[in-house]
Amino acid sequence: MLGLVVATFALPAVALAADPTGTISGQVATKAAKYRVGVVVFLDKVPGSFRPPARPAVMDQQGMKFIPHVLAVQKGQTVMFTNHDAVRHNIFSPDGEKYNLGTWGQGESKPHTFSSVGIFHQLCNVHPEMGAVIVVLENPYFAVTNEDGTFVIPNVPPGKYTLKTWSEKLPEHSQQLTVTAGAPTNLHIDLGR
Ligand SMILES: [Cu+2]
């Protein structure tokens, strides 16, 4: 009986073959478990121009930390910086566009739109121990790994790509891969340390 149920659930996978895009999923492996989270996995130099999402991404300041510690967004996308602490926080970045959004209190928020790709360190001039990174990418085909190193990049058009990783602590990784319509591409990426 159980086998029949499983067979029933397996059927929709066949229907998914009509999906014109593919999914890249996988897991980043490191010797130290703490390095698996916050790795940006992305497709490099995909031809075409890509409209950024209209919905802003959010970088919060809460519990005297930036949350998330690593945020990936698309070029042209807005990040809304929020403050959920009872103390005033500041936001500035010494990188690329070099901005200082000012210092503000609980419940307030300020937007910044990223017009160029790059790695933007986020700092608070009130609390030097606070830090985060925003990675701005050219196309929408990216993900940031979860605590266990897993990631999913959905809706990728079929084709051959160069997949890269960026991590605050680990060396960059690069590999070729082929994405097939309606089929998952499963990766195991060993980043060493
Ligand atoms: Cu602060």
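The values are calculated or read from the model by the stated rules, or taken from the named source; none is laboratory data. From a predicted model like this one, the values you see are computed outputs, not experimental measurements. All Cβ positions, even for glycine, are placed from backbone atoms using ideal geometry, and neighbour counts span all protein chains on display.
Some notes on this structure:
- Residue in segment 101-122 that is surrounded by 13 or more Cβ atoms within 10 Å (Cβ to Cβ), within 13 Å of the ligand (Cβ to nearest atom), of a type in the set (A, V, I, L, M) and within 22 Å of SER167 (Cα to Cα) present: no
- Within this structure, ALA183 passes the test of being among the aliphatic types (A, V, I, L, M), more than 16 Å from the ligand (Cβ to nearest atom) and either touching a Phe, Trp or Tyr at 6+ places or on another chain (Cβ under 7 Å) or more than 15 Å from VAL39 (Cβ to Cβ) (or both).
To keep it simple, each residue is scored yes or no on (1) within 18 Å of the chain's Cα centre (by Cα); (2) at positive phi.
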| residue | (1), (2) |
| --- | --- |
| VAL152 | yes, no |
| GLY159 | no, yes |
| LYS164 | yes, no |
| SER167 | yes, no |
| GLU172 | yes, no |
| THR178 | no, no |
| ALA183 | no, no |
| HIS188 | yes, no |
| LEU191 | yes, no |
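- Of all residues in segment 53-66, those that are surrounded by fewer than 16 Cβ atoms within 10 Å (Cβ to Cβ) and within 18 Å of PHE114 (Cα to Cα) total 4.
- When LEU43 is tested against (1) modelled with pLDDT under 95; (2) in the same structural domain as GLY159 (by TED's automatic domain parsing); (3) touching a Phe, Trp or Tyr at 6+ places or on another chain (Cβ under 8 Å), only condition (1) is not met.
- Out of GLY38, GLY76, GLY63, one residue alone is on the phi > 0 side of the Ramachandran plot, at pLDDT 95 or above and not assigned by TED's automatic domain parsing to the domain that holds LEU101. It is GLY38.
- The listed residue being assigned by TED's automatic domain parsing to the domain that holds VAL28, in contact (Cβ under 8 Å) with a residue 12 or more places away in the chain, surrounded by 15 or more Cβ atoms within 10 Å (Cβ to Cβ) and outside any loop (DSSP other than H, G, I, E, B), out of LEU187, LEU170: LEU187
- Residues of segment 57-70 that turn out to be within 11 Å of the ligand (Cβ to nearest atom) and among the acidic types (Asp, Glu), as a count: 0
- If the condition is being surrounded by fewer than 19 Cβ atoms within 10 Å (Cβ to Cβ) and either touching a residue at least 40 places away in the same chain (Cβ under 8 Å) or within 10 Å of the ligand (Cβ to nearest atom) (or both), then segment 71-89 contributes LYS75, ASP85, VAL87, ARG88.
- Subset of segment 105-122 [closer than 19 Å to VAL39 by Cα and touching a residue at least 24 places away in the same chain (Cβ under 8 Å)]: VAL117, ILE119, PHE120, HIS121, GLN122
- Test for PHE50: is it in a strand (DSSP E or B) and modelled with pLDDT of 95 or more: no
- Residue in segment 149-169 that is closer than 25 Å to GLN27 by Cα and touching a helix residue (DSSP H, G or I) at 6+ places or on another chain (Cβ under 8 Å) present: yes
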